[in-house]
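Here is the structure we will look at.
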Amino acid sequence: MKEEIMLHALEEISDERLLEAAFYVPIAKAHRPKRLVRVLLIAAVLTTLFSVTAFAVWQGAMKVRISAPEEKASFHLLKSDFTDDYGEYAVLDRHVALTVTVEGAERAHWVQFRVSWLPEPAASSDRLERHSFFDVLNFASDHSLYVGWRQRPLEQLLREANMSEDEAKSWYNRINCDARAPASLLDISVYDAALLHNGPLIFGVAEGATAEVLREAALGDYELLELQVDYSAFYREQLKQDAPAELKLQNHVLLYEPTEKYLIRISGSDSAYSFESLEKIGENLEVLVTDFETQLPEMASDYLYCDLGRG
Amino acid sequence: MTDTEIISLFFARSEQAIAALGEKYGAILRRIARNLLQNEEDAEECVNDGYLAVWNTVPPRKPDPLLPYAARIVRNKALSLLRRRGAEKRSGYLWALDELCELLPDSEDLQARIDAMELGRSIDRFLDTLTAENRALFLRRYWYGESTEELAERFGGTENRISARLFRMRRALKKQLEKEGFTP
C-alpha cells in the first residue's frame, strides 16, 4: 500500500525537476581531490591551525557543525567538507582551540591491537577496561549495527573474520581507564578504516580549553603528533574552581599509519603519563589489520567528531 | 535535433521519429529501465515498448519537453514488469523505494488518509528547499533508480557518504511531511 502511494506521489514530480536531475553535472566533483590523494590533513593543517585561534562550533546531541571564519580560507577542504547543505543545524559559538582532521581509507577493514607494555599506575589498575574485537562482533550481531551484517549470527561473523572466539577476545580496539580512577586517564583507541570509511574524523578541543602541538615526527611506520590540552581556563571560567591535577593537562599522542590509513590515539593525564611513556606504549603495540570488510550504517552526518575530552 | 523537431516527426508519422527519439534520449531511457529492472534483456524490451507507447500517443499528445514524458512511460512499464515479477525478484530500486515508504505511517486506511497527488506535491515542494545538487541526488536515487555506487561515482565521495546525504534528506522530508500532516 505504502509502495503504491509513494509511486503515485513520485509521478507528481514536475518535468522541470526530472530534466534538471537527468542533466545535472556535479560541479564540485571536478574540484574535489581524488579521495586517495586526500590522505591525512594532520600535518598540513596543524602547522597552520595552531596559529589560528578559533572556529565556531556547535556541538549537540550527535550533531556537530564547524564553520571557519572567512579569513581561514586556507582551510578550504575543511570548510567545504563541513558545510551542511540544509541549514538545519544551528550554529552556536563555542571556542575550539584546535582541530585535527583525519581522512580514512576507501576500504573498510578493521584494525585491532594488543599492548605488550603499559606504564604504572595503569598496568596494575583494576579500573582498566578492555574493549575486544569479540565485543564489537557480539554487539554488531545483537544490534544489526553494520550494513550487511544484519541477521548474521556471531559464529558467522567470527568465521568471516577468520578468528576463533578466543582470538577475537585477545585483540582490542580500545583500552581505557577513566580519569576519575586513581590511575588517572589513560586511553588507547584505534580509529580504523571501518570507522573512518564514513568520512573524515575530526578531533576537536572545545569548551574553552587550550591546546598546543608539541611535536611532529616519525615513529617507526607512523606519523606522530603530540598534543597537550590545558583545561585550567575551562575549570576556572566555567566551573569556577581550580582544575584537579589529574584533569588539568592531558597529553595526546596521535599515530597515523599512512599505508593502511588508520589512527591510534594514546591519551593520558600529564600528572601520571609523560609523552615518553605514551610513545613507548605506541612503540610496543602489536597491530592486526583484518581483511574483513563491512560498511557503517547510515549516519546522521558524513563525518565523525571526537572531542579530546577530559576522560 | 530539437524536441519540437522530433515531435514533428511523430506527428508526420515518420519512422524516423523513433530513431530520433532513441538517438537523443535512448541512453537515459535504457538506464532508467536497467536501474529498475537490473536485467539487460528486460530493460531493452521495456524501452522498445516505451517507444511504441510514445508512437501511439503522440499525436494527439504533444509533450514538450519530450524526455520526462518518455521517461515516465518507460519507468511505468519497468515498474509494471517489476510488479509482475513478484516479491522473489525485488530489484534494488524497490529497496530504495522502501526507504521513502518508511516515512509514511503504518495504517490500514492509509489510502484513505493520504492523497498520493498531495503527497507528490509536498515532495515537489521539499525538492524546492534543496540545492540543485541534492535535488539531483535525491531524484537520481528515488526516481531514476540509480544505485548508491553509481551516485558515488557521479557525485564523488564514498557510497557511505552518499547514503548519509540521502538519509539527511529523508529526515528533512519526514519533518516536512509531519509538519504538513501527512504523518502523525
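The values are calculated or read from the model by the stated rules, or taken from the named source; none is laboratory data. Since this is a predicted model, take the numbers as computed values, not measurements. So basically every Cβ, Gly included, is an ideal-geometry build from the backbone, and we count neighbours across all protein chains shown. We work out accessible area using only protein heavy atoms, side chains counted, and drop any ligands, DNA or RNA first. Shrake-Rupley method; radii C 1.70, N 1.55, O 1.52, S 1.80 Å.
Numbers at a glance
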read-out	value
Every residue from segment B:65-81 that is modelled with pLDDT under 90 and more than 9 Å from every other protein chain (Cβ to nearest Cβ)	B:S80, B:L81
Positions within segment B:154-171 being at pLDDT below 85, facing another protein chain (nearest Cβ under 7 Å) and open to solvent by 20 Å² or more (accessible area, probe 1.4 Å), in sequence order	B:R154, B:R161
Any chance B:L9 is outside the structural domain of B:R141 (by TED's automatic domain parsing) and in contact with a Ser or Thr (Cβ under 8 Å, 6 or more places away or on another chain)	no
All positions within segment A:125-142 that are over 18 Å from A:T290 (Cβ atoms), hydroxyl-bearing (S, T, Y) and at pLDDT 80 or above	none
Positions within segment B:110-153 being polar (S, T, N, Q), open to solvent by 30 Å² or more (accessible area, probe 1.4 Å) and over 17 Å from B:L173 (Cβ atoms), in sequence order	B:Q111, B:S147
Residue list for segment B:117-134, restricted to those being more than 7 Å from chain A (Cβ to nearest Cβ) and of a type in the set (S, T, Y)	B:S122, B:T129
Those residues of segment B:20-57 which are over 14 Å from the mean Cα position of the chain (by Cα) and polar (S, T, N, Q), in sequence order	B:Q38, B:N39, B:N48, B:N56, B:T57
Residues (in contact with a Leu (Cβ under 9 Å, 6 or more places away or on another chain), assigned to a helix (DSSP H, G or I) and at pLDDT below 80) located in segment A:143-172	A:L157
Of all residues in segment A:173-196 being touching a helix residue (DSSP H, G or I) at 6+ places or on another chain (Cβ under 6 Å) and either within 14 Å of another protein chain (Cβ to nearest Cβ) or modelled with pLDDT of 70 or more (or both), the one that is surrounded by the most Cβ atoms within 10 Å (Cβ to Cβ)	A:L186
Residues being on the phi > 0 side of the Ramachandran plot and loosely packed, with under 15 Cβ neighbours inside 10 Å - total across segment A:232-262	1
Unmet requirement for B:G157, which otherwise passes all of (1) assigned to a loop (DSSP other than H, G, I, E, B); (2) farther than 30 Å from B:R30 by Cα	(2)
Selection count where residues are farther than 30 Å from A:V287 by Cβ and in a helix (DSSP H, G or I), scope segment A:222-246	9
Restricting segment A:263-281 to residues that are within 18 Å of the chain's Cα centre (by Cα) and not polar (S, T, N, Q), the residue that is most open to solvent (accessible area, probe 1.4 Å)	A:R265
Leading residue by the ranking (nearest to the other protein chains (Cβ to nearest Cβ)) among those in segment B:36-64 that are part of a helix (DSSP H, G or I) and among the aliphatic types (A, V, I, L, M)	B:L36
Flag if B:G86 is more than 9 Å from every other protein chain (Cβ to nearest Cβ), on the phi > 0 side of the Ramachandran plot and at pLDDT 90 or above	no
